[in-house]
Amino acid sequence: MGLFDRIFGKKKGVELEGLDKTLAKDEDVKQSPTEKESEPVQKGTNFEEKVEISENVNSLLSEEIIEKKYEKTLEKTNKSFGARFNAFLANFRSVDEAFFEDLEETLIMSDVGADLAMKISEELRQEARLVNAKNTDQLRNLIIEKLVDTIDQENLVKELKLKKVGLSVILFVGVNGAGKTTTIGKLSARFKAQGKKVLLAAGDTFRAGATNQLVEWAKRSGLETVTGRDGGDPASVVFDAMQRAKNEGFDVLLIDTAGRLQNKDNLMAELAKIRKIIQRELPEAPHETLLVLDASTGQNAVSQAREFSKVTPISGIVLTKLDGSAKGGIVLSIIQSLKIPIKLVGLGEKIDDLADFDEEFFVRGLFKGLV
């Protein structure tokens, strides 16, 4: 059962009911596109192979509050996508080739990505022929169903996991301005509220003010930060932080890193050096490597993810600034094209506005009023 059916139940038009039966006949000989493209999170990372005991790190807020935050956060995206989608449907009375070409363009303009837009358009074109769909009303929910099911992370390790006993290390990467330091500050506050002993490492020694910013976040939660001099060696900061975290019995170490050096080769070398030091001190670490992406950058966020994936293994994505953007459709493109789970999302500026990514809350917020 797809994500759409799990959330909304069967809501396709009567005219399309036969489609499921038609497609089911081919199930044994042809795997569905969604199933074919759903792959587990990349193997070969220390995160997946060596962390045997873990726990789901849930927000301390109630589900009702979180769902309302999602709805409010996605208002801009919902309004933008809804207006564009309804305008597209209003332009057509019949299902023809122009309909599918405009559908593809509408999806691209909604930040779902060109590849996914082409995939959905082509699948819908074929299925419409199977059931001889004559008007757009017959395809309305089917289009949304296909979009919703691309958000399904059922086959990915989507929970943020920590060891139940001993030190867990979380490494944060991403370009400057994406929100790494703020994310670390918010997540450290959550861990502190859960009774964990948390240490921060200011590994971004190249950006002016980065260390001070992280120290300030730590102070808000009564936490401590391992720092170095501006322009100094980030790896030495990480080494000192690892030593202290192990010797003083910390539960979690959160490590900030530089988002931009002189060039990509320098960035790659620096991150590789940091990972080597982490693993020398704790072979199974880092237990998570989280890539922080700014939702407001749209498709550029996908490009960033591809580039950082070449530099270091990524176990999950933190999507920030979702509340200030109309580009929430980027979630579909990230999950579908990268096969990297979105684990955390920024739903606002307050210290408790960092939440675990919830597909159901996201879908309800994004498609409110359209299903």
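Values quoted throughout were computed directly from the atomic coordinates according to the rules given, and no laboratory measurement underlies them. Only a predicted model underlies this, so the values are computations on that prediction, with no experimental measurement involved. Here Cβ is always computed from backbone atoms with ideal geometry, including for glycine, and neighbour counts include all displayed protein chains.
Observations on the structure shown:
- The GluC sites (Glu not before Pro) of segment 100-165 that DSSP puts in a loop, and whose beta carbon has at most 14 other beta carbons within 10 Å, are Glu154.
- Prolate/oblate/rounded call for the chain, Cα gyration tensor, a/c under 1.5 rounded: prolate
- Over the chain: helical MRE at 222 nm, DSSP H runs n ≥ 4 each giving -39500 (n - 2.57), nearest 500: -14500 deg cm²/dmol
- Distant alpha-carbon pairs in segment 217-273 (separation over 19 angstrom), percent: 37 percent
- One quarter of the convex hull surface built on the alpha carbon atoms of segment 117-253 amounts to 12.4 nm², the projected area averaged over directions.
- Contour minus Cα-Cα distance for Arg125 and Glu105 (0.36 nm per residue): 5.8 nm
- With 19 Å as the limit, the listed pairs Lys343/Lys368; Lys161/Lys343; Lys79/Lys327; Lys119/Lys146; Lys180/Lys350; Lys69/Lys339 have Lys343/Lys368; Lys69/Lys339 beyond it between alpha carbons.
- Each 10 Å bin from 0 upward holds the following percent of the Cα-Cα pairs of segment 237-371: 10, 37, 33, 17, 4, 0.
- Antiparallel beta bridges, as assigned by DSSP with both residues in segment 161-362, represent about 10 percent of the total such bridges.
- Of all beta bridges that DSSP places with both ends in the chain, some 15 percent have antiparallel geometry.
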